[in-house]
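**Q** There's a structure below that I have some questions on.
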Amino acid sequence: MRQIQDVFPLLQTPKKIFITTHHKPDGDAIGSMLGLYHYLVKKGHSVTGVSPSELPEFLMWMPGVEHLLNYEAESKASLKALQEADVIFCVDFNDYTRTKHLDQALTAATQPKVLIDHHLFPKPVWDYGMSIPEKSSTCEMIYDFINLNNDNALIDNNIAQCIYTGVLTDTGSFRFPVTTASVHDLVADLKRKGLQHSPIHEEIYDSWSLIRMQFLGYVLMEKMEIFPKYNAGLIALSKKEIRLFNVSSGDMEGLVNYPLSISGVRFATLITERGDEVKMSFRSKGDFDVSDFARTYFNGGGHFNASGGRATTSFDDTVANFKQILSDIHPR
Ligand code: 5GP
Ligand code: MN
């Protein structure tokens, strides 16, 4: 993969650009896609952003969401944009399988491909890019990308809101260890440019439905298991339990973090039965590598302290299997 600066000459004249991100996009995925979108449009390019699946409700306020295509609902228009593109940007993922249904089309595409991402172990399929696992978020890297092209002055309120959203959500509101001095410098720069951060926090964190809050109460009371011996916490939710409250996958966002707020818990797992697969989310504090854990046992990956995976066994078997692994490896 060539360094990202080598792509700048390609962008000297107006181009058709396709941007995509991972399936089930989060704040960093949509923030980086839209931040880059607004920047490239300002530079005179014709840009199409495609999300592999629907956006969560808490991001629907973001500037530019109305221009995004949802591949699952608009596959024809999405594939047309991909075919017509001169350049393809991939943000916040580093393995085409993370786009789910877009995997094949991206693999087959022959245009120059650019990666901007902070996950571990990128697949060697991009022509240009930045892959820096130490970065707090892909949005921080969009900021770096704009600065590398000497365009800091082009960062307007739309771009600032998008970048801030991904930095905010991927750092757990500036608390995770990835929150470097540079991250705070970035926020200071956005603030000096006029960014209003409070409304963004409200949109993202204070936009719960009553049923979501009640579901959380039920989960914490009835479904959270703590294993003090392993410094671990587990929340496992079957399809039936999820249906009981009729909550969406967005309503389950952040559930995995709750066990970590209990003193002594350093490893938290959320297992959810969805459609025909069992999805797992892993979070840790300190030196327990959940990216390695997800890769080793559950066909997944991600970051050192935040990862995900999936199982093809039944929900009950997956939960039993997970507990067996806990007692085998004895995390501390
Ligand atoms: P989440 O638990 O929020 O779904 O995912 C946490 C982190 O792990 C995210 O950074 C996400 O990109 C990564 N991740 C989630 N599922 C998978 C997976 O199946 N494979 C890989 N490689 N990474 C995943
Ligand atoms: Mn990210």
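**Q** Output the qualifying pairs, or none if there are none: Cβ atoms under 8 angstrom, residues six or more apart or on different chains, first residue in segment 90-108 and in contact (Cβ under 8 Å) with a residue 40 or more places away in the chain, second residue part of a helix (DSSP H, G or I) and of a type in the set (Val, Ile, Thr).
**A** Short answer, once both residue conditions are applied: Val91/Thr138; Val91/Ile142; Asp92/Thr138; Phe93/Thr99; Leu106/Thr99.
**Q** Now, a different point. Out of all the residues in segment 292-302, is one or more out of contact with any strand residue (DSSP E or B) (no Cβ under 9 Å at 6 or more places or on another chain), at positive phi and not β-branched (Val, Ile, Thr)?
**A** No; the residues of segment 292-302 include none that is out of contact with any strand residue (DSSP E or B) (no Cβ under 9 Å at 6 or more places or on another chain), at positive phi and not β-branched (Val, Ile, Thr).
**Q** Among the listed residues Leu106, Leu115, identify the single one that is open to solvent by less than 60 Å² (accessible area, probe 1.4 Å), farther than 16 Å from Pro25 by Cα and part of a helix (DSSP H, G or I).
**A** One residue alone meets the criteria, Leu106.
**Q** Still on this structure: Just the residues that are within 18 Å of the chain's Cα centre (by Cα), within 10 Å of ligand 1 (Cβ to nearest atom), of a type outside the set (D, E, K, R) and surrounded by 15 or more Cβ atoms within 10 Å (Cβ to Cβ), please, taken from segment 292-330.
**A** Those that are within 18 Å of the chain's Cα centre (by Cα), within 10 Å of ligand 1 (Cβ to nearest atom), of a type outside the set (D, E, K, R) and surrounded by 15 or more Cβ atoms within 10 Å (Cβ to Cβ): Ala294, Gly300, Gly301, Gly302, His303, Asn305, Ala306, Ser307, Gly308, Gly309.
**Q** Which strands (runs of 3 or more DSSP E) sit wholly inside segment 1-94 and have at least 1 residues that are more than 21 Å from the chain's Cα centre (by Cα) and over 27 Å from Gly301 (Cβ atoms)?
**A** Where strands (runs of 3 or more DSSP E) fall fully within segment 1-94 and carry at least 1 residues being more than 21 Å from the chain's Cα centre (by Cα) and over 27 Å from Gly301 (Cβ atoms), they are 16-20, 46-51.
**Q** From the list Arg192, Arg212, which one is free of Cβ contacts under 8 Å to residues at least 12 places away in the same chain and either touching a strand residue (DSSP E or B) at 6+ places or on another chain (Cβ under 8 Å) or open to solvent by 10 Å² or more (accessible area, probe 1.4 Å) (or both)?
**A** Every option except Arg192 fails the conditions.
**Q** Need the failing condition index for Asn157 against (1) on the phi > 0 side of the Ramachandran plot; (2) open to solvent by 10 Å² or more (accessible area, probe 1.4 Å), just the number.
**A** Result: Asn157 passes all but (1).
**Q** Hey, could you check segment 1-46 for residues that are open to solvent by 20 Å² or more (accessible area, probe 1.4 Å) and among the β-branched types (Val, Ile, Thr) and say which is nearest to ligand 2 (Cβ to nearest atom)?
**A** Val41
**Q** Right, something else. Select, from Lys113, Lys100, Lys123, the only residue that is of a type outside the set (Phe, Trp, Tyr), touching a strand residue (DSSP E or B) at 6+ places or on another chain (Cβ under 6 Å) and away from ligand 2 (no atom under 16 Å from the Cβ).
**A** Criteria check complete, one pass: Lys113.
**Q** I've got another one for you. In segment 252-291, what residues are without any contact (Cβ under 8 Å) to a residue 40 or more places away in the chain, over 20 Å from the mean Cα position of the chain (by Cα) and open to solvent by less than 40 Å² (accessible area, probe 1.4 Å)?
**A** Correct list: Pro259, Val265.
**Q** Just give me the residues in segment 203-248 being modelled with pLDDT of 95 or more and polar (S, T, N, Q), in sequence order.
**A** Correct list: Gln214, Asn231, Ser238.
The values are calculated or read from the model by the stated rules, or taken from the named source; none is laboratory data. This is a predicted model, so every value here is computed, not measured. Neighbour counts run over all protein chains shown; Cβ positions are idealised from the backbone, glycine included. What goes into the accessible areas is simple: the full protein's heavy atoms, side chains included, and nothing from ligands, DNA or RNA. Shrake-Rupley method; radii C 1.70, N 1.55, O 1.52, S 1.80 Å.
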